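The values are calculated or read from the model by the stated rules, or taken from the named source; none is laboratory data. In this text the structure is predicted, and so the values were computed from the model without any measurement. Glycine gets a Cβ as well: all are built from the backbone with ideal geometry, and neighbour counts include every protein chain shown. Surface accessibility is based on the protein's heavy atoms, side chains included, excluding ligands, DNA and RNA. Shrake-Rupley method; radii C 1.70, N 1.55, O 1.52, S 1.80 Å.
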Number of protein chains: 2
Amino acid sequence: MRVSTRFSDSVHILAFIEIYQDQKLSSELIASSIETSPVVVRRLMSTLRENGLIATKKGTAEPKLSKNPREITLLDIYLAVEGDKQLFTLDTNTNPDCIVGGNIQKVLGTYYEDAKMAALRKFNNVSLQDIIETILVEQKAKKVLK
Amino acid sequence: MRVSTRFSDSVHILAFIEIYQDQKLSSELIASSIETSPVVVRRLMSTLRENGLIATKKGTAEPKLSKNPREITLLDIYLAVEGDKQLFTLDTNTNPDCIVGGNIQKVLGTYYEDAKMAALRKFNNVSLQDIIETILVEQKAKKVLK
DNA sequence: CTTTCATGTAACTTTTTAAGTGACAAGAAT
DNA sequence: ATTCTTGTCACTTAAAAAGTTACATGAAAG
């Protein structure tokens, strides 16, 4: 399939809302930063709203973060847009009458879960504030180089 | 896109080869355990062979592991079939003229890499032997329950 | 030495899932 | 009232992997 950039784009949206909080934040403007369409942005924002990360008001271009960016982690964002889907994909159609086919899903599944949790724990230790600050540092560093 | 089950199926193939090493191991037989087509199995086995995990001989149904299953880790298998592609997908098409769009790829990329590495380290601590033994334990447990 | 079975690989089709698009009802604001 | 915007639906396009068909070539047994 096409690869999902929802997580990446969602972090983008949240950072954008915080950094440009004093401007008019239409889905059109945000879309121009992500280089995607306004509908894609609005769809993602719907999901973020349903998961309590932002507050929006229909008709007005004024989305706000629902929490302090220090209290929003990459994990919160990941779970909001990707849910608890498996990170590593099990083949769920194996022959149950074979010793391997009949047991590998359960066995591999536990190791997949361990690995996924190790990754998600990392995300739980990074806040939106960290992302924003690092973006701003990178931006300053760019200017110095010129 | 369709979700890849290459990793899962590759572990399946390797465990199958080891457990049934005394039988004739045609791609057809292995495919029947994975419930896929022989061509898919042969394609995966080509990749595993190119990466030094198995040895095959054209025309004969006798694939062998190239190493002791204690020396093959889930990470070896993962890298063989998935390469070093990113685990979490960055949107690589963002507006470079925007503070967020111009820096988020680099910033998020490092956190994605940290998370990916945390997951892959887990895989590096699990051997094919562990998988095989756990499969056999699960199989015995099933029989007792009957 | 020929028949049978198997691999290895190429080319093509199907499936899946997310992005992208067009449309529009309804809310907000001047 | 007019204009802008959101929220959402329905549809199309894109991309990647699985699945399929085909076949040249190698192995092995009679």
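Applying D = kT/(6 pi eta Rh) to the protein assembly as shown, where Rh is the Kirkwood radius over alpha-carbon pairs, T corresponds to 10 °C and eta to 1.306 mPa s, the Stokes-Einstein value obtained is 75 µm²/s. In nanometers and ordered shortest first, the copy-to-copy spacing of the B:LYS64 label point, defined 7 Å from Cα toward Cβ, is 7.1.
Given the pairs A:LYS24/A:LYS64; B:LYS64/B:LYS140; A:LYS122/B:LYS116; A:LYS67/A:LYS116; A:LYS122/B:LYS67, which are separated by over 21 angstrom at their Cα positions? The pairs that break the limit, which is 21 Å between Cα atoms, are B:LYS64/B:LYS140; A:LYS67/A:LYS116; A:LYS122/B:LYS67.
Sorting A:ARG49, A:ARG121, A:ARG43 on solvent-accessible area from highest to lowest, probe radius 1.4 Å, gives A:ARG43, A:ARG121, A:ARG49.
Counting Cβ atoms of other protein chains within 10 Å of each Cβ in A:26-37 and taking the mean gives 3. For B:GLU35, the distances from its label point to the matching points in the remaining copies are 4.2 nm, ordered from shortest, with each point set 7 Å beyond Cα toward Cβ. Rolling a 1.4 Å probe across all protein chains gives B:TYR111 an accessible area of roughly 50 Å². On a per residue basis, the convex hull of the C-alpha atoms belonging to the stretch B:52-117 measures out at 111 Å³. Relative contact order for the stretch A:71-146: 49 percent, from Cα pairs under 8 Å spaced at least 6 residues apart, divided by residue count. With label points defined 7 Å past Cα in the direction of Cβ, position B:ASP97 shows copy-to-copy spacings of 6.5 nm, given to one decimal and shortest first. Based on the Stokes-Einstein relation at 37 °C and a viscosity of 0.692 mPa s, and on the Kirkwood radius from alpha carbon pairs, the stretch A:6-145 is assigned a translational diffusion coefficient of 191 µm²/s. Farthest towards the positive end of the charge dipole of the stretch B:28-146, among the residues B:PRO63, B:VAL39, B:GLY52, is the Cα of B:PRO63, using unit charges on the Cβ of Lys, Arg, Asp and Glu. Once you reduce the stretch A:70-146 and the stretch A:1-40 to the center of their Cα atoms, the two points are 20 Å from each other.
Amide H contacts under 5 Å for A:ILE54: A:ARG49, A:SER66, restricted to partners 5 or more places along the chain or on a different chain, H placed in the peptide plane at 1.01 Å from N. For the stretch B:87-146, the calculated P(r), taken from all Cα-Cα distances in 5 Å bins from zero up to the bin holding the longest distance, is 4, 15, 13, 11, 10, 9, 9, 8, 7, 6, 5, 3, 1, 0 percent.
Approximating the spin labels as points 7 Å out from Cα along Cα→Cβ, the B:ASP97-to-B:LYS140 distance works out to 6.8 nm.
Here the 3J(HN,Hα) profile of the stretch A:125-137, calculated from phi with Karplus coefficients 6.51, -1.76 and 1.60 at θ = phi - 60°, is 9, 10, 9, 4, 4, 4, 4, 4, 4, 5, 4, 5, 5 Hz, Gly and Pro shown as x.
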